[in-house]
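Nothing in this text is a laboratory measurement; each read-out follows from the coordinates by a stated rule. Since we're looking at a predicted model, the values are computed, not measured. Neighbour counts are summed over all protein chains in view; Cβ atoms, including those assigned to glycine, are modelled from backbone coordinates with ideal geometry.
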Amino acid sequence: MSVASLFQPFSLKSITLKNRFVMAPMTRSFSPGGIPTDDVAAYYRRRAEGDVGLILSEGTVVNRVASSNDPNVPHFYGEAALQGWKKVIDSVRDAGGLMAPQIWHMGVINPHASGWLPAEPFEGPSGLLRADGKGGREMSLADIEATIQAFADSAAAAKSLGFQAIELHGAHGYLIDQFFWDVTNQRTDRFGGKTLPERNRFAIEVVKAVRQAIGPDCPLILRLSQWKPGAFDYKLAQTPQEMEAWLQPLADAGIDVFHCSQRRFWEPEFSDSDLNFAGWAKKVTGRPTITVGSIGLSGEFIKSFRGENSTPQPIDELVRRFDRGDFDLVAVGRALLSDSQWVRKIKEGRTAELTGFQSSDLRQLQ
Ligand SMILES: Cc1cc2nc3c(=O)[nH]c(=O)nc-3n(C[C@H](O)[C@H](O)[C@H](O)COP(=O)(O)O)c2cc1C
């Protein structure tokens, strides 16, 4: 099957991607004290040299004392960390690449396996860790205001360092997603409510503040997942109408692209249609979307944390859906974590050279 359509350029506001491949954001925990090292810069540069159309950084946290549970996850604030990020974007740009940081607040989360803890308790809409009960403290209105500002400050810093786009992490059960989910958001003020449109308020305010901070021309991507950790079949929006009521206000607030996280991109979102999450998000908002999930690999990513390896797989089904117009961009995670040349190999039909993913690849920045 021809992959040529995936190698057509894509224009998004101020930038033009050379192809439709996006590096998915992947936490690597190689930034001691929150500061990206030269090795981190070289790792991303290799993906730019490997012709990735747009590189999304690993999640990088905002300036809140308890925004992270891991001292080796990079910060997107503070002089030293921003200097580190400057080296990253300079090396990526030097290699002709485009890059967006994925701006993140973990919210209420389990402590890291190392036992490291931030100086203050984890914070979230109701202090709840998923369905498991208390795991942190409930944010006050002042905490919420300061957190919205912290997202805007990181986005503004990214733009001034030279990053060409911004992604907000609104997926996978972290802070923004904790506001979406009724299990973790039991607030009775204007940031809570019985319906998803009511629980959308925090994300909408973050998006508006970020849009204000970066101006109208800088592409702004929002990553979302219907699934939650430990609740993989959960759907925030159970119908296309509910999805539209969730996403359209976010588009109106300033989102240019929805990045629709699935573990397997081919799984249909609703019955009676084979459209996936990215397909529906595009259909109901008219905005461009990014799909993701086991592209080019046999297994899905959660199992990779428990040691599962994946073998290379054909991408025919991806091409079929892309050519049908379901989505505009495709994010590739583990295949690119393991092989910086994955996009080139796909372009040149060098499938015999694809190496798949070994869970041991997580131990270094290859
Ligand atoms: C090591 C690792 C770290 C990840 N960290 C993040 C992250 O920081 N932010 C995020 O949104 N997703 C994260 N993900 C999920 C990926 O972005 C992607 O959605 C997932 O791996 C599925 O794509 P794949 O099957 O191509 O690997 C991570 C995945 C892996 C394997």
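Gain in length, Ala352 to Ala80, computed as 0.36 nm per residue apart minus the alpha-carbon separation, to one decimal in nm? Walk me through the numbers on the way to the answer.
Details: separation 272, 0.36 × 272 = 97.92 nm, distance 4.24 nm.
Between Ala352 and Ala80, full extension yields 93.7 nm more.
Mind jotting down the distance between the C-alpha centroids of segment 209-287 and segment 51-86, whole Å?
About 24 Å separates the Cα centre of segment 51-86 from the one of segment 209-287.
Using the Cα centre of segment 161-217 as the reference point, and only Cβ charges (+1 on K/R, -1 on D/E), how large is the resulting charge dipole? Debye, rounded to the nearest 20. Kindly include the intermediate steps, with their values, before the conclusion.
On the way: 7 positive and 7 negative charges, 41 e Å.
Taking the Cα centre of segment 161-217 as origin, the dipole is about 200 debye.
How big is the dipole moment of the chain about its Cα centre under a simple scheme where the beta carbon of each Lys and Arg is +1, that of each Asp and Glu is -1, and everything else is neutral? Debye, nearest 20, please.
Numbers: 41 positive and 43 negative charges, 68 e Å.
In debye, rounded to 20, the chain gives about 320.
Roughly speaking, what is the stretch gain from Ala4 to Arg263, that is 0.36 nm per residue apart minus the C-alpha to C-alpha distance, in nm to one decimal? Don't jump to the answer; show the numbers that get you there.
Numbers: separation 259, 0.36 × 259 = 93.24 nm, distance 2.49 nm.
My answer for the length gained is 90.7 nm.
Give the lysines reachable from Lys345 as a straight Cα distance under 23 Å; neighbours fewer than 8 places away on the same chain don't count.
Here the lysines satisfying the reach criterion relative to Lys345 are Lys18.
Average the reciprocal distances over every distinct pair of alpha-carbons in the chain, invert the result, and give the Kirkwood radius in Å. Let's see the in-between values first.
Numbers: mean 1/r = 0.0490 Å⁻¹.
About 20.4 Å for the chain.
Distance in nm between label sites at Thr195 and Ala142, each 7 Å beyond Cα in the beta-carbon direction?
3.3
In Å and whole numbers, how far do the C-alpha atoms of segment 277-337 stretch along each principal axis, longest first?
Projected onto the principal axes, the Cα atoms of segment 277-337 cover 39, 21, 15 Å.
Run the simple label-point estimate for Lys235 and Gln248 please: 7 Å along Cα→C-beta, distance reported in nm.
The modelled label-to-label distance comes out at 1.9 nm.
Using Cα pairs closer than 8 Å and at least 6 residues apart in sequence, work out the relative contact order for segment 1-75, in percent.
Values: 107 pairs, mean separation 26.6, N = 75.
So the answer I get is 36 percent.
Subtract the Cα-Cα distance of Ser273 and Ser298 from 0.36 nm times their separation in residues, and report this length gain in nm to one decimal. Don't skip to the answer; put the middle values down first.
Working: separation 25, 0.36 × 25 = 9.00 nm, distance 2.36 nm.
Extra length from Ser273 to Ser298 when fully extended: 6.6 nm.
For segment 1-149, just the Cα atoms, rotate onto the principal axes and tell me the three extents in Å, largest first.
Here the Cα extents, ordered largest to smallest, are 50, 32, 29 Å.
Enter the per residue convex hull volume of segment 112-181, computed from alpha-carbon coordinates, in Å³ rounded to the nearest integer.
On the way: hull volume 9.1 nm³, N = 70.
About 130 Å³ per residue, rounded to a whole number.
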